[in-house]
Amino acid sequence: MIQVDNLHKAFGEIRAVDGVSFTARDGEITGLLGPNGAGKTTTLRMLYTLMRPDAGRVLVDGIDAGADPLAVRKRLGVLPDARGLYKHLTARENIDYFAKLQGVSAVEGARRRETLVKVLEMGDFADRRAEGFSQGQRVKTAIARALIHDPKNVLLDEPTNGLDVMATRRMRQFMRDLRAEGRCVLFSSHIMQEVAQLCDRIVVIAKGRVVADESPDALREHTGESNLEDAFMKIIGSGEGLAA
Amino acid sequence: MNTSLIVFLKEVRENLRDKRTLINALLTGPLIGPLMFVMIVNVVISRQLNQAEAPLRLPVIGASNAPHLVEALRQQGFDPQPPVADPITAVRNRDVAAVLRIPAGFGESWSNGDPAQVEVYYDSSRRDTQQPVSRLKAMLESYSRLNGALRLVARGLSPALANPVLVDERDQSTPRSRAGALFSILPYFFVLTVFIGGMYLAIDLTAGERERHSLEPLFINPVARWRILLGKIGAICVFSLSSLLICAIAFTVAGRFIPTEKLGMDLGLGPAFALSVLVLMLPLVLLIAALQTLVAAFSKSYREAQTYLGLLMLVPVLPSVLLSVMPVRTAAWMYAVPLLGQQVGITELLIGGSVTAAQVGMCLFCGFAVAALMLAVTARVYGSERLAISV
């Protein structure tokens, strides 16, 4: 479970995140929706302790991220916006490196790695060097290394970005599987349809603030729009930066 | 397993697969110094030998005015040439090193026992003619002294009368120390090697990782950043140390191809010298790795880091240049200054002087202290929020 309480972060004059609060529960998929530049990535970066909030608090399974960032990172599996791989290492070696850094034992790491290779259908490129991987192969490898330590909480920053239709469908199914395993899944997106399809709960962010935090049905009811797209438009004020 | 060790092993393994890093660390870095060195030294030595041994071509104006002098020149290894029209232009245009003019009145003055004048045209600002000109002047002087002595003897006087002071030169230089003066640039090549050997790795492991968007995922692992930094620095050190090792061996081999004995010099480039260099350079390996990582962390991109480090490479040449332009006595405090300490220490070893254990200890202690400080600064920068963010 991830609890976010009144986060603030400014870069000079720009208030990137300006009082964001929400809760992502176990066994649910929580979507962070907002136009480009709304503050989604910055919010996530504070969750996985890459950045320190100017004010506010993050609790992961009850642990304060500000007080014990290492313990929090152990409980998180993160697919960040940056998904660079080590191009001279194979996909398996890339995954193993992170397994060791997470402190996973060699036996457990190998077992878990092979499970992920199978689930993510990486078999045909797992022993190839990452140089020249397609976007889809890169994302799969990045997800596998992020989940190698079997984390209870999963953060995905725009996971379907750059994927083709087939890969996107598989990614969405993968996220549903994670939910079925009882994990807390939090992902960001600027694609309305995706959020509407997947999420148990939608947190809409615009200009660094939370403008809605509801289930998709409640969101429709609240705005009086039967169409989710229209509902988003109404909340955010404009459709700029969002994709259907 | 210790996380720094995990990072270290991964970086070494990955970079062993990178051709460019390998070529830089194991080929270009270590061998460019010895190669340049052997080439430069061979050119210098062969030029000096040529000038010393080959007959020196010397245009003589008015040779018929003093046939005995011209004959003496010929016997002393000069090759008298037909006169040139304008000696001043000939010297200025670098056509000849020097021109000798014997005026018409030479014979008459010589017969009368008066000082007979000759003129030597040369340009002292030309370094390449210094040796032939001084050879000519020395020859004329000894010719003059010899004939003066003969005249005294002819008048029944002792030639010793004309030499109230006798100078006996006792040069204390050894073949090795004469070589050291010529080769004061050598320590710079060792520093350069360490610099080049680790440079690509240092750029790649920080600025490169950030540019390829792999630094942020790395930092999300539950590992303190200074541990990651230590692993990376360790990997850089291994590569630059390999560079240094190959370079030291290459110099030991190169020493055999430098014909120093022809100049009456002796270079102390043996295995003992190579080993001492390795020990003296150890602190610099760590210091340079930390410095390069610091610069790479500050740079916004791979290219920017490359530019900065290229400029930084010129800094270690300063002690070498300063010491060769203004030779100063080696003082104890110099061993306490990183770079300078290595410079004077290696030069001292090269010329066969002694470096005491205390001096080596001082050099190592201060070097490692500064390296630790640099490491602490780098760790601080590594901990900053902005480092991981690739824009």
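The values are calculated or read from the model by the stated rules, or taken from the named source; none is laboratory data. All figures in this text were calculated on a predicted structure; none of them were measured in a lab. Here Cβ is always computed from backbone atoms with ideal geometry, including for glycine, and neighbour counts include all displayed protein chains.
Could you list, in sequence order, all residues of the range B:88-116 that are in contact (Cβ under 8 Å) with a residue 12 or more places away in the chain and under 43 Å from the mean Cα position of the chain (by Cα)? Matches in the range B:88-116: B:Ile88, B:Ala90, B:Val91, B:Arg92, B:Arg94, B:Val96, B:Ala97, B:Ala98, B:Val99, B:Leu100, B:Arg101, B:Ile102.
The set of residues in the range B:342-389 being surrounded by fewer than 19 Cβ atoms within 10 Å (Cβ to Cβ), within 14 Å of another protein chain (Cβ to nearest Cβ) and touching a Lys or Arg at 6+ places or on another chain (Cβ under 7 Å) consists of B:Gly383, B:Glu385.
Counted as qualifying within the range A:173-244 are the helices (runs of 4 or more DSSP H) with 2 or more residues that are of a type in the set (Val, Ile, Thr), namely A:228-236. Which numbered condition trips up B:Met334, out of (1) within 14 Å of another protein chain (Cβ to nearest Cβ); (2) without any contact (Cβ under 8 Å) to a residue 24 or more places away in the chain? Failed condition: (1). The condition (being more than 18 Å from B:Arg127 (Cα to Cα) and modelled with pLDDT of 85 or more) is satisfied by just one residue among B:Leu58, B:Leu73: B:Leu73.
The strands (runs of 3 or more DSSP E) found entirely in the range A:1-73 that carry 3 or more residues being closer than 18 Å to A:Val204 by Cβ are A:2-11, A:14-24, A:28-33. Whether a residue is surrounded by 19 or more Cβ atoms within 10 Å (Cβ to Cβ), more than 14 Å from every other protein chain (Cβ to nearest Cβ), touching a helix residue (DSSP H, G or I) at 6+ places or on another chain (Cβ under 8 Å) and among the aromatic types (Phe, Trp, Tyr) was assessed, and B:Phe257 does not pass this test. For B:Arg94, state whether it is basic (Lys, Arg) and either more than 18 Å from B:Leu140 (Cα to Cα) or touching a helix residue (DSSP H, G or I) at 6+ places or on another chain (Cβ under 7 Å) (or both). Taking the combined requirement at face value, the residue satisfies it. Tell me, yes or no, whether the range A:219-241 has at least one residue that is at pLDDT 75 or above, at positive phi and surrounded by 14 or more Cβ atoms within 10 Å (Cβ to Cβ). No: zero hits.
Residue count for the range A:28-56 satisfying the condition of being more than 12 Å from chain B (Cβ to nearest Cβ) and buried (at least 16 other Cβ atoms within 10 Å of the Cβ): 14. The listed residues are B:Leu186, B:Leu192, B:Leu244, B:Leu166, and the only one of them that is over 23 Å from B:Ile23 (Cβ atoms), within 19 Å of the chain's Cα centre (by Cα) and away from chain A (no Cβ under 14 Å) turns out to be B:Leu186. For the range A:120-141, give me each residue that is out of contact with any helix residue (DSSP H, G or I) (no Cβ under 7 Å at 6 or more places or on another chain), in a helix (DSSP H, G or I) and surrounded by 14 or more Cβ atoms within 10 Å (Cβ to Cβ). Residues satisfying the conditions are A:Gln137, A:Arg138, A:Val139, A:Lys140. Taking the stated definitions as given, is A:Tyr48 under 16 Å from the mean Cα position of the chain (by Cα), among the aromatic types (Phe, Trp, Tyr) and within 28 Å of B:Thr3 (Cβ to Cβ)? In short, yes. Out of A:Ala142, A:Ala130, one residue alone is touching a strand residue (DSSP E or B) at 6+ places or on another chain (Cβ under 6 Å) and either over 21 Å from A:Met1 (Cα atoms) or within 13 Å of chain B (Cβ to nearest Cβ) (or both). It is A:Ala142. Checking the structure you have, find out if any residue of the range B:291-308 is aliphatic (A, V, I, L, M) and touching a Pro at 6+ places or on another chain (Cβ under 8 Å). So far as the range B:291-308 goes, no, none of its residues is aliphatic (A, V, I, L, M) and touching a Pro at 6+ places or on another chain (Cβ under 8 Å). Restricting the first member to the range B:62-87 and to residues that are under 20 Å from B:Arg135 (Cβ atoms) and assigned by TED's automatic domain parsing to the domain that holds B:Ser111, and the second to residues that are part of a helix (DSSP H, G or I) and among the β-branched types (Val, Ile, Thr), the beta-carbon pairs closer than 7 Å and six or more apart or on different chains are B:Ala63/B:Val70; B:Pro80/B:Val70.
Within the range A:209-225, if we keep just the residues that are small (Gly, Ala, Ser) and in contact (Cβ under 8 Å) with a residue 12 or more places away in the chain, the residue that is farthest from A:Thr30 (Cα to Cα) turns out to be A:Ala212. The condition of being without any contact (Cβ under 8 Å) to a residue 12 or more places away in the chain, out of contact with any Cys (no Cβ under 6 Å at 6 or more places or on another chain), assigned by TED's automatic domain parsing to the domain that holds A:Pro159 and not hydroxyl-bearing (Ser, Thr, Tyr) does not hold for A:Leu101.
Go through the range B:1-12 residue by residue and tally those that are in a loop (DSSP other than H, G, I, E, B) and either more than 10 Å from every other protein chain (Cβ to nearest Cβ) or surrounded by 16 or more Cβ atoms within 10 Å (Cβ to Cβ) (or both). Number satisfying all stated conditions: 1. Kindly indicate which of B:Asn24, B:Asn93, B:Asn50, B:Asn15 is within 14 Å of chain A (Cβ to nearest Cβ) and either closer than 30 Å to B:Ala379 by Cβ or exposed (fewer than 13 other Cβ atoms within 10 Å of the Cβ) (or both). Going through B:Asn24, B:Asn93, B:Asn50, B:Asn15 in turn, the sole match is B:Asn15.
Here is a yes/no grid of residues against (1) at negative phi; (2) buried (at least 20 other Cβ atoms within 10 Å of the Cβ); (3) assigned to a loop (DSSP other than H, G, I, E, B):
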residue	(1), (2), (3)
B:Phe251	yes, yes, no
B:Leu267	yes, yes, yes
B:Val285	yes, yes, no
B:Tyr308	yes, no, no
B:Leu318	yes, no, no
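Being modelled with pLDDT under 95 and either of a type in the set (D, E, K, R) or closer than 19 Å to B:His213 by Cα (or both) is a property that holds for A:Ser134. For B:Gly353, the conditions (1) at pLDDT below 90; (2) in a helix (DSSP H, G or I) are fulfilled apart from (2). If I filter the range A:150-168 down to residues being within 8 Å of the chain's Cα centre (by Cα) and not in a loop (DSSP other than H, G, I, E, B), which single residue comes out as farthest from A:Ile191 (Cα to Cα)? Among residues in the range A:150-168 that are within 8 Å of the chain's Cα centre (by Cα) and not in a loop (DSSP other than H, G, I, E, B), the one farthest from A:Ile191 (Cα to Cα) is A:Val154. In this structure, B:Leu275 does not satisfy being out of contact with any Pro (no Cβ under 7 Å at 6 or more places or on another chain), surrounded by 13 or more Cβ atoms within 10 Å (Cβ to Cβ) and either in a loop (DSSP other than H, G, I, E, B) or aliphatic (A, V, I, L, M) (or both).
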